[in-house]
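K.L.:
Have a look at this one before I ask anything.
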Amino acid sequence: MCGIVGYTGFQDAYNIVINGLRRLEYRGYDSAGIVLENVNDKLSVEKTKGKVDDLVDISEQLKGIAKTGMGHTRWATHGVPSDRNSHPHLSNNGKIAIIHNGIIENYDTIKTMLKEKGFTFKSETDTEVLVNLIQYFMDINPETEFPTAVRYALNEVYGAYAITVMHEDYPGVLVVGRLGSPLAIGIGEKEYFIASDASPFVEFTKEAIYLEEGHMATISLEKGVDIRTINDNSKIEAEIQELKLSLEQIEKGGYEHFMLKEIFEQPKSVHDTMRGRLIVDEGVIKMAGIWDHVEKFKNANRIIIIACGTSWHAGLIGEYLIEEYARIPVEVEYASEFRYRNPIITDKDVVIAISQSGETADTMAALKLAKEKGAFIYGICNVVDSSIARITDAGSYTHAGPEIGVASTKAFTAQLTILSLIALKLGNHNGNLGNAEFMRLISELDAIPKKIEEVLNTTHELTQNIAKDFISATNFLYLGRGYNYPAALEGALKLKEISYIHAEGYPAAEMKHGPIALIDENMPIVIIAPKKGHYDKIVSNVQEIKARKGKIIAVVNKGDTQVSAMADYVIEIPETSECFSPIVASVPLQLLAYYIAVYRGANVDQPRNLAKSVTVE
Ligand code: F6R
């Protein structure tokens, strides 16, 4: 969603804020804005529809004028992307500026009340309502200090937010608050940073406070960081954490796009996911999160996997893995549906939440519900200390490193790796997966990073060439069976989100129940057909497509003859056990989507209408 950056210290706030916004632009990129305390302690605001570069074009005159300021990149919720709706928003008296990530659900009621008191509004946003509510509390009692007024206002609103607020009469002071959206405070030498994640300040400090749910903080050089609870103003001792993030991890490292960099990082990221967990020489999987709660899993009535988007696709593969090897029933749910359909959950259920960002509002809301009903909650998150990671009872981080491209790639393969480890570990522990087969499978899993490397080497150029032939395609079908049915869904999602070509994923056998009607010589069909996994059936499906003249792009194992003979394009991948084949097969599909989007001139890292972490329901 939106990205927030704030700064107070001795450096030029303009540079810090603009550079920080560039790093957070992946979170939202339909508009951007900045506010600085100018030399007279007045607020100077510039904002515009568009990207951070567009903001720079109109705001360079602010360079060097201030040591305190804040900025915002927006992903529109209330009100279309426009200059007016961009943040920061100012209060009616022009003294208070706010930037906000999230949604104020009761903004309409508050807006009506404020209008009755004479307030006027320039934008359609919920955020402008909040900043005027802060002014209102200061107006009705002039004794009310600025941070107190922020607290009063936050007690009146509900929804989800991370905010940063400045007041003209409080130079060098930033007030922040958080409920449902992340906010980190970087602690430097005589300087403080605020950001939606630590990337904007990683080169300046390794110390940060992650603001907890329902907390706010007043930050100034004079008084440091004063953290309070929003509801009753109790003082909270700050817990300073050491950042593990490095600058290198959040830069493109010579690649044209983050997405390509992240695709190429997968041999390492999958290896990092297994590091210290999969010890093939000892024949063990060490996962404290699972091991400490193994009885919960063993005695579970069922496992419910909750996720959205790509993480939901990983969850579907997790279902296949856990049911096959651990023989525990699994259900996979879209978090947004689960949350609102009054699901039956008991304390005998284990809920696994999968989320790259760890901030997805739908997943978070579903988890809260499951927790209330007594289920044991296990998290699979990439972002350390994220909101979802914090509310779970236990969990495993994927350790894929920061994923900045909006389309998820390395996080997906890391999620599949964790799910494989969990399924094999549980299966071996509960006796459904014998030692010999366990050993064989863990050796294979251990070899996956090398296989991904091989696929990257052998398919990089090939996928570019194939992509060139499909620049003008308007539709795509992706088909797979068994473990590769969710891989087909994921392949289709990658293509549609970055190239804007309509794409559907289907279980290959379902084709004849409807989608086959779409097939003619103009329909490209990507079919995932590794040797292990219903190969003969897939051969029949390919014949059916061939008979209708569809353009077949087949992902097959090296040395394949049958499917390859019928395909128009062949992408070879090394053989693996069926259960790991989606990890390997996804890589050329990511590359194919990437190059089709690049050749169509799309903004691959920041596709239209999307944002990296979806912190609104
Ligand atoms: C697709 C994509 C999204 C996310 C979804 C869930 O490439 O990135 O579909 O997978 O928004 O996000 P997380 O995993 O952060 O909960």
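K.L.:
If you go through segment 503-517, how many residues are modelled with pLDDT of 95 or more and either within 16 Å of the ligand (Cβ to nearest atom) or among the small types (G, A, S) (or both)? Spell out how you get there, then give the answer.
P.N.:
Our first condition is that a residue be modelled with pLDDT of 95 or more; within segment 503-517, this holds for 503-507.
Narrowing further to those that are either within 16 Å of the ligand (Cβ to nearest atom) or among the small types (G, A, S) (or both): 503-505.
The total comes to 3.
K.L.:
What pairs can you find where one residue is in segment 351-374 and touching a residue at least 60 places away in the same chain (Cβ under 8 Å) and polar (S, T, N, Q), the other is within 15 Å of the ligand (Cβ to nearest atom) and open to solvent by 20 Å² or more (accessible area, probe 1.4 Å), and their Cβ atoms are less than 6 Å apart, with a gap of 6+ or different chains?
P.N.:
The qualifying pairs are S357/V383; T360/C308; T360/V614.
K.L.:
I'd like the residue in segment 586-615 that is in a loop (DSSP other than H, G, I, E, B) and within 11 Å of the ligand (Cβ to nearest atom) and, out of all such residues, is farthest from T576 (Cα to Cα). Before the answer, list the steps.
P.N.:
Kept after step one, since they are in a loop (DSSP other than H, G, I, E, B), are these residues of segment 586-615: 600-615.
Checking the rest, the ones that are also within 11 Å of the ligand (Cβ to nearest atom) come to 607, 610-615.
Working: P607: 33, L610: 34, A611: 34, K612: 31, S613: 32, V614: 34, T615: 37 Å.
For segment 586-615, the residue satisfying everything is T615.
K.L.:
Give me the pairs, please: first residue somewhere in segment 292-316 and under 26 Å from A611 (Cα atoms), second residue anywhere and in a loop (DSSP other than H, G, I, E, B) and within 10 Å of the ligand (Cβ to nearest atom), beta-carbon distance under 6 Å, and either six or more positions apart or on two chains.
P.N.:
Going by the 6 Å Cβ cut-off, the qualifying pairs are C308/T360; T310/S408.
K.L.:
Sticking with this one: Take the conditions under 25 Å from the mean Cα position of the chain (by Cα), among the hydroxyl-bearing types (S, T, Y), more than 14 Å from the ligand (Cβ to nearest atom) and open to solvent by less than 20 Å² (accessible area, probe 1.4 Å) and apply them to S269. Does it pass? Walk me through how you get there before you give the answer.
P.N.:
Numbers: under 25 Å from the mean Cα position of the chain (by Cα): yes; among the hydroxyl-bearing types (S, T, Y): yes; more than 14 Å from the ligand (Cβ to nearest atom): yes; open to solvent by less than 20 Å² (accessible area, probe 1.4 Å): yes.
Answer is yes for this residue.
Residue-wise test of (1) open to solvent by 20 Å² or more (accessible area, probe 1.4 Å); (2) within 11 Å of the ligand (Cβ to nearest atom); (3) among the β-branched types (V, I, T); (4) closer than 28 Å to V587 by Cβ.
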site	(1), (2), (3), (4)
I354	no, yes, yes, yes
K373	yes, no, no, no
I377	no, no, yes, no
I380	no, yes, yes, yes
D393	yes, no, no, no
Y397	yes, no, no, yes
V406	no, yes, yes, yes
L416	no, no, no, yes
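K.L.:
Pairs, please: C-beta under 7 Å, at least 6 apart or cross-chain, first residue in contact (Cβ under 8 Å) with a residue 24 or more places away in the chain and in segment 115-127, second of a type in the set (D, E, K, R) and not in a helix (DSSP H, G or I)?
P.N.:
Short answer, once both residue conditions are applied: K122/R84; S123/R84.
K.L.:
Taking segment 486-501 as the search range and keeping residues that are more than 14 Å from A585 (Cβ to Cβ) and buried (at least 24 other Cβ atoms within 10 Å of the Cβ), which one is nearest to the ligand (Cβ to nearest atom)?
P.N.:
First, pick out the residues of segment 486-501 that are more than 14 Å from A585 (Cβ to Cβ): 493, 495-501.
Narrowing the set further to residues that are buried (at least 24 other Cβ atoms within 10 Å of the Cβ) leaves 495, 498-499.
Details: L495: 11, I498: 8, S499: 12 Å.
Among those that are more than 14 Å from A585 (Cβ to Cβ) and buried (at least 24 other Cβ atoms within 10 Å of the Cβ), it is I498.
K.L.:
Which residues, taken from segment 52-86, are free of Cβ contacts under 8 Å to residues at least 12 places away in the same chain and either touching a strand residue (DSSP E or B) at 6+ places or on another chain (Cβ under 7 Å) or farther than 19 Å from E25 by Cα (or both)?
P.N.:
Q61
K.L.:
Within the bounds of segment 228-248, is there any residue that is over 23 Å from T73 (Cα atoms), part of a helix (DSSP H, G or I) and among the polar types (S, T, N, Q)?
P.N.:
No: zero hits.
K.L.:
If the Cβ limit is 7 Å and pairs must be 6+ apart or interchain, which residue in segment 559-586 that is closer than 19 Å to A400 by Cβ pairs with which residue that is among the hydroxyl-bearing types (S, T, Y) and in a helix (DSSP H, G or I)?
P.N.:
As it stands, the answer is F580/S420; I583/T413; I583/T417; S586/T413, since those pairs meet every condition given.
K.L.:
To continue, here is another question. Here are some conditions: (1) within 16 Å of the ligand (Cβ to nearest atom); (2) farther than 25 Å from A554 by Cβ; (3) crowded, with 24+ Cβ neighbours inside 10 Å. P402 meets all but one. Which one does it not meet?
P.N.:
For P402, the exception is condition (3).
K.L.:
How many residues are at pLDDT 95 or above and either surrounded by 24 or more Cβ atoms within 10 Å (Cβ to Cβ) or under 18 Å from H72 (Cβ atoms) (or both) when one looks only at segment 185-199?
P.N.:
The number of residues fulfilling the criteria is 6.
The values are calculated or read from the model by the stated rules, or taken from the named source; none is laboratory data. A quick note: this is a predicted structure, and the numbers were derived from the prediction, not measured. Virtual Cβ from ideal backbone geometry, glycine too; neighbours counted across all protein chains shown. Please note that ligands, DNA and RNA were not included when accessible areas were found on the heavy atoms of the full protein model with its side chains. Shrake-Rupley method; radii C 1.70, N 1.55, O 1.52, S 1.80 Å.
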